[in-house]
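The values are calculated or read from the model by the stated rules, or taken from the named source; none is laboratory data. Please read these numbers as outputs of a predicted model, since none were measured by experiment. Cβ coordinates were reconstructed from backbone atoms using ideal geometry, including for glycine residues, and neighbour counts include every protein chain displayed. For accessibility, only protein heavy atoms count, side chains too; no ligands or nucleic acids. Shrake-Rupley method; radii C 1.70, N 1.55, O 1.52, S 1.80 Å.
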Amino acid sequence: MASGSRPWGALLLLPLLLPAACRAGGGCAGEGGPLEPFDALYASGVEAYYGGDFAGAARCLERALRSRRELRAARLRCRRRCRGQVRLAAPGPGAGGDLPFFGSVLRRAGCVRRCEEPRLGAASRHRAAEEVRADFQRRVPYSYLQRAYIQLNKLEEAANAAHTFFMANPEHMEIQQDIENYKTTAGKVSLIDREAKQHMEDYSAGVRHYDKEEYELAIDFLERALKGYYSEDEDCQIMCEGPQRFEEHEYLEYKAGLYEAIADHYMQVLACKHDCVRELATRSGRISPIENFLPLHYDYLQFAYYRVGDYVKALECAKSYLLFHPDDEDVLENAGYYKDLLEGTMDPDTVKPRKEAKTLLRRHKLESHLLQVAAAGLGYAYTEPNYWNRYGARQDEHSVPSSISSEPEDGPRLSLAKKPMPKPDRELKEGGPLLYSDVKFVYNSQQLNGTQRVLLDNVISEEQCRELHRVASGIMLAGDGYRGKTSPHTPNERFEGATVLKALKYGYEGRVPLKSARLFYDISEKARRIVESYFMLNSTLYFSYTHLVCRTALSGQQERRNDLSHPIHADNCLLDPEANECWKEPPAYTFRDYSALLYMNADFEGGEFIFTEMDAKTVTASIKPKCGRMISFSSGGENPHGVKAVTKGQRCAVALWFTLDPLYRELERIQADEVIAMLDQEHLGPSESINPKDEL
């Protein structure tokens, strides 16, 4: 959500329930009483922004951000204090043996409540809606702050707010341009990320000094980063002890027994704690963590300590790294070399791995064991991620410091291990026949500045576009295909959609003309045949998902928009712009191989389809939709793409995703095929309007 968009859902209701604390002429609530809920302050700040009270907006948004930080700090303080004051008792044997344990649980719960209430008030005051929490996670308040500070002519504050927002939203090209303007206008060269994770800042600084061979400075920052990491890990563990969602249970119908209920809640808490490793290794706004993040600290340090002549610390850090990767040949060899250097001065075997690393790894393994036991015995769905992938340093575009070619043969060899680039699992071709004489070739991959791309016109006619649009008007539902979310990518547009099976069902029931419903089916098959032929695929291309979708600009929400209709992404992998990588892992649709978009109209403003580099910023091609135009491309990280904001009117298209793996065929398509076969048996035949013309 950008500054030009209104938060929706529960957030819109909040101003109606609040005093006019942040409205024009007012001030934010005083700080003497209980902490004001951050969602209430946020709602008032947004209301003030749209009311033109930019001073009030900035004041309340800053208070909202501070309130959220104070809420977390208060909860951490109380939970940590009560951990120390009330120890959990061990259950005893026999009847009533569990009473000491549950008694200590009740006392700790009472301790936490008594500690929190004076500052926070009732716990229910701080239960923000999911949409609001998501806004803060994506740093949306900083987008509003930036615009408010511009209106107040506070360019330095605006620049820092824009930079903070951009660090979590790198797909916002307009924000990037704003930042460049601030640098020019305000002379602002050094920008501050107000939500930066300090342990990551220290880690990055340590790596930079390491690369410059400033090893003493590198050691200072990396040791500080480690200290911060373990402190943040403790905080993360404590915060996981808050409320959890019972995802598969309706609260009012929840009838689990005592131990089932405890297990259900505790396993969610445990999964949260276990995932702290990923949380602490993930930069704000990013999807994938920095691989091998914690072990990399020790890897950098062992070599840095060697270079400054502290062989004891070098061996200590090498042994700490080997706790995570005991079979790493390079570091094993380094550890042996450090031992040789220490022989005669001390017993190298007295040098042990660091205690905190051993403790964390022991706890992490036990968590994993319990989660897997629960998955097997209690029906939980759980797959253990690979938290310690050995390919690292990808965020720095430098090699893992596990070997350096300039070292003498008798010194440590820390190999330059880089993650190998994945090899294509098929030969990439293009330029095959288009099959239909009326289809017009426009641009190939080279002309579109990329790989496995093609732009075609006249895939369907003007009359077919109009007919398809009439069908869409009769069958589309808001939020269809987006889990019911009417504005899944931007709150400034409404999304409506429908599937092929739904169209045929409505046609069979007489709710739309059957011939028109069949048109949707037939044109999607035509698109599939063209894509399969043009890219000269040696195996059948199957439908993975087919969706007719229209996005409509919402009136009153288009002024100063700086977001995209659909953020930059790839279709079968998780795009990580900062790392210039695309990680082919869940929740991405990793089975998708090719994508296509067949446009139905041009009577709208904005909505250009764009390709970018993997940085999600550099546009390589921009395509204006129109009736019958189709863009098709391979679905991987080689083709990041998005859609610019639709600022007026409605943009409609048939979106198609294909797979070469028959295991991932679209179920609704198979059902639609059966409906078509049934209709053909009834002699209804294919729609005349889509019969292919003579093939070339």
What about Ala24, is it at pLDDT 90 or above and over 22 Å from Glu131 (Cα atoms)? no
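Do we find a residue being touching a residue at least 40 places away in the same chain (Cβ under 8 Å), within 18 Å of the chain's Cα centre (by Cα) and part of a strand (DSSP E or B) anywhere in the range 598-606? Lay out the reasoning, then the answer.
Just the residues of the range 598-606 that are touching a residue at least 40 places away in the same chain (Cβ under 8 Å), to begin with: 598-601, 603-606.
Cutting the leftovers down to within 18 Å of the chain's Cα centre (by Cα) gives us none.
No.
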Residues satisfying the stated conditions in the range 648-684, i.e. of a type in the set (Gly, Ala, Ser), at pLDDT below 90 and under 12 Å from Thr499 (Cα atoms): Ala672
Looking at the range 607-637, which of its residues are part of a strand (DSSP E or B), closer than 18 Å to Pro577 by Cβ and open to solvent by 20 Å² or more (accessible area, probe 1.4 Å)? Val619, Thr620
When residues of the range 171-195 are limited to those that are open to solvent by less than 40 Å² (accessible area, probe 1.4 Å) and out of contact with any strand residue (DSSP E or B) (no Cβ under 8 Å at 6 or more places or on another chain), the one modelled with the lowest pLDDT: Lys188
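From the list Asp202, Asp220, which one is open to solvent by 80 Å² or more (accessible area, probe 1.4 Å) and either at pLDDT 90 or above or of a type in the set (Phe, Trp, Tyr) (or both)?
Working: Asp202 fails: open to solvent by 80 Å² or more (accessible area, probe 1.4 Å).
Of Asp202, Asp220, the one residue that is open to solvent by 80 Å² or more (accessible area, probe 1.4 Å) and either at pLDDT 90 or above or of a type in the set (Phe, Trp, Tyr) (or both) is Asp220.
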Would you be able to say whether some residue in the range 132-139 is at positive phi, exposed (fewer than 14 other Cβ atoms within 10 Å of the Cβ) and modelled with pLDDT of 85 or more? no
Within the bounds of the range 71-90, is there any residue that is under 19 Å from Tyr259 (Cα atoms) and without any contact (Cβ under 8 Å) to a residue 12 or more places away in the chain? yes
Give the range 256-278 a look and list any residue that's open to solvent by 20 Å² or more (accessible area, probe 1.4 Å) and closer than 15 Å to Leu361 by Cα, or say none. Lys273, Asp275, Arg278
Can you tell me which condition Asn160 does not meet? The list is (1) under 20 Å from His566 (Cα atoms); (2) at pLDDT 85 or above, and all the others hold. (1)
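Residue-by-condition table, conditions (1) assigned to a helix (DSSP H, G or I); (2) at pLDDT below 90; (3) under 35 Å from the mean Cα position of the chain (by Cα):
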site: Gly33; (1), (2), (3): no, yes, no
site: Ala43; (1), (2), (3): yes, no, yes
site: Glu62; (1), (2), (3): yes, no, yes
site: Glu70; (1), (2), (3): yes, no, yes
site: Leu88; (1), (2), (3): no, yes, no
site: Ala95; (1), (2), (3): no, yes, no
site: Arg108; (1), (2), (3): yes, no, no
site: Glu116; (1), (2), (3): yes, yes, yes
site: Arg125; (1), (2), (3): yes, yes, yes
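Just to be sure, is Thr590 among the polar types (S, T, N, Q), within 25 Å of the chain's Cα centre (by Cα) and open to solvent by less than 40 Å² (accessible area, probe 1.4 Å)?
Considered against the rule, which asks whether it is among the polar types (S, T, N, Q), within 25 Å of the chain's Cα centre (by Cα) and open to solvent by less than 40 Å² (accessible area, probe 1.4 Å), Thr590 comes out as no.
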